[in-house]
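Values in this text are rule-based calculations from the coordinates and carry no lab data. Not measured: the values here are computed from a predicted model. Neighbour counts run over all protein chains shown; Cβ positions are idealised from the backbone, glycine included.
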Amino acid sequence: MSSDLWDAPIDEPQPLADRPAELDSERVIAANVMDRPELIDEIAAEFDPADITTDWYRWVWHAVDEIRQTLTTGDIRWQSVHRQLAAWKASGYLPIPCPSEAQLADLYRCATPGTTGWHADKVTKAAEASRLIAHGHNCVARGRSAAFDRDEDIPAAQAELDGVVRSGEQAELSTIGDLLGDSLVRAVTKPTKEDRIPTGFLDLDSLLCGGWSPGQLVVVGARPAMGKTTIGQDFVRAAAIEHGIPTLIESLEMGKPELSDRILSAEARIAHHHLKAGIATDDDMARAARRAPAIAAAPLYISDSPILSMPVLRGRVRHLVRTAGLRLVVVDYLQLMQAPKAENRQQAVAELSRGLKLLAKEFGITVVILCQLNRGPEQRTEKKPLVSDLRESGAIEQDADIVILLHREDAYEKESPRAGEADLIVGKHRGGPTGTITCAFQGHYSRFVDMAQT
């Protein structure tokens, strides 16, 4: 490499016309971390060095960060930084011309102790503004593209907008002393409807310490024709109609008219086949009239889009969280979701499962995902399903906070002495007990109910 290039002057880049930058603040930050290397740790939670637009200021930061690993006390002067950058340049690691000792010495003299936080905030705001502008250009490009797909591009653009501000990605640290007080309060305070979402089944609520919790991913697995769609609708009805909790149901299998019919059937105790055949009696219609106001007023949102990807779901959830205070999402069912591109189906389902868990945690909601089981139960003498029967990916079991397996003996044996009964087998409950809850299956009303109600 020629000495001319090695010693080439470092010209400070000028920001593009549409890209804000705080070059003076970047210079002060680079000088201050040489003067006080411990500043890197002090501002790490609020500041990302990638937001420094001037290459050699950013590399000075990285050099100081490298040197301080072996430095016990004191500042890091420009000579040490120059040696580190020169070594990186010689090894091919440094992609820019190496600044001279004189340039680094001039930079070192710019240190202004006590101002780093203020300058870091200016640089961060400029970087956010820059990313917002870039996001706008990207949106224009998406909108003008001949391949524009509103179901993919709009949710993707919304997700990118969330990434404009990076501060939310930094984990806020807490000491156990900060948290202990709240734990002691929770130990003597029973959860309320504001803390939990009732499932609609008294024994299940008791097992789950009051119902669904924010941030949970709940998997409900069953073989076909066991009633997993029905149990999902029961969870939805309990939350939205009985308790007024904003709820979204994503139905990939049934259309909105059928969902509405089944919910009316369950709420008003109208035989589902009467609804389908249009032969509801006067008594049926009287019960429907009594329940209709409560059903109509429920904050229940229904989507029957046949194609559902994680970007689409995330965009819909974000909108409803902001506008309606969404707390519960039920997806029917996992295997019908549009999987991301992956090497195989198992990896694709694993990506979906992880995305659903992150969705629940990010927005502080409960996500209930209905899931098909493999043929394992049918190949055993004992037909009860196991958590290991979850189809296509063990990641579903790993990511889930709660796994509930739905089983009905009369689905296999019509003359079973347990005809009309169903088991909700809680096979996994992170941080809580497992067990089996028995309920009654009222298929003609499209619902499961507590045994005490039969």
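What net charge is computed for the residues neighbouring Trp61, neighbours being all others with C-beta under 12 Å from the C-beta of Trp61, Lys and Arg scored +1, Asp and Glu -1? Residues close to Trp61 contribute a combined charge of -3. Here, region 179-275 has an Rg and a Dmax of 16.2, 56 Å when only alpha carbons are counted. Using the average count of surrounding beta-carbon atoms within 10 Å as a protection proxy, the listed peptides 208-216, 151-159, 28-36, 291-299 rank, highest first, as 28-36, 208-216, 151-159, 291-299. Look at Glu250, Glu46 and count the other Cβ atoms within 10 Å of each Cβ; fewest to most, that gives Glu46, Glu250. Other residues lying with their Cβ under 11 Å from the Cβ of Ile241 contribute a combined charge of -1, Lys and Arg counting +1, Asp and Glu -1.
Quick check: the angle from helix 282-297's long axis to the longest principal axis of the chain, C-alpha only, nearest 10 degrees? Taking the Cα atoms of the chain, the angle to 282-297 is about 10 degrees. Taken over the alpha carbons of the chain as equal point scatterers, the Debye sum produces base-10 log I(q)/I(0) values at 0.13 Å⁻¹ of -1.15.
Across the chain, Cα pairs under 8 Å and at least six residues apart give a relative contact order of 15 percent.
Using a 10 Å cut-off around each Cβ, can you sort Tyr445, Tyr57 from fewest to most neighbouring Cβ atoms?
Fewest-to-most ranking of Tyr445, Tyr57: Tyr445, Tyr57.
Scanning residues 5 or more positions from Val330 or on other chains, those with amide H under 5 Å from its amide H are Leu248, Ile249, Glu250, Val368, with H placed 1.01 Å from N in the peptide plane. Cross-link pairs exceeding 20 Å between alpha carbons, from the set Lys228/Lys384; Lys383/Lys414; Lys228/Lys256; Lys256/Lys384; Lys228/Lys428: Lys256/Lys384.
What do you get when you divide the Cα radius of gyration of region 66-223 by 2.2 N^0.38 Å, with N the number of residues? Working shown, then result.
On the way: Rg = 26.4 Å, N = 158, 2.2 N^0.38 = 15.1 Å.
The value comes to 1.76.
Across the alpha-carbon atoms of region 364-422, the computed radius of gyration and Dmax are 13.5, 45 angstrom. Our coupling estimate for region 141-155, obtained by passing each phi through the Karplus curve with A = 6.51, B = -1.76, C = 1.60 and θ = phi - 60°, is 5, 4, x, 8, 5, 5, 8, 4, 10, 4, 6, 10, 6, 5, x Hz, Gly and Pro reported as x.
Summarised in one figure, the compactness ratio Rg/Rh of region 192-453, Cα atoms and Kirkwood Rh, is 0.95.
Close amide H pairs (under 5 Å, H built 1.01 Å from N) link Gly435 with Val426, residues at least 5 positions away or on another chain. Helix 310-324 axis versus longest C-alpha principal axis of the chain: approximately 80°, rounded to the nearest ten. Over all other residues within a Cβ to Cβ distance under 15 Å of Pro95, the charged ones net out to +1, with Lys and Arg as +1 and Asp and Glu as -1. The angle between the Cα long axis of helix 256-268 and the longest principal axis of the Cα atoms of the chain comes to about 60 degrees, rounded to the nearest 10. Here's the list of aspartates and glutamates a cross-link from Lys122 could span, going by alpha-carbon distance under 13 Å and ignoring same-chain residues fewer than 8 apart: Glu22, Asp24, Glu26, Glu46, Asp48, Asp51. The share of C-alpha pairs in region 307-454 whose separation exceeds 22 Å stands at 49 percent. Taking amide H as placed 1.01 Å from N in the peptide plane, the amide H of Ser309 sits under 5 Å from that of Gln338, each at least 5 places away or on another chain. Considering helices alone, the calculated mean residue ellipticity of the chain at 222 nm is -13500 deg cm²/dmol, with DSSP H runs of length four and up weighted by -39500 (n - 2.57) and normalised per residue. Report, to two decimal places, the Cα Rg of region 57-153 normalised by 2.2 N^0.38 Å (N = number of residues). Its radius of gyration relative to the 2.2 N^0.38 Å reference: 1.60. Here, region 257-308 has an Rg and a Dmax of 12.2, 40 Å when only alpha carbons are counted.
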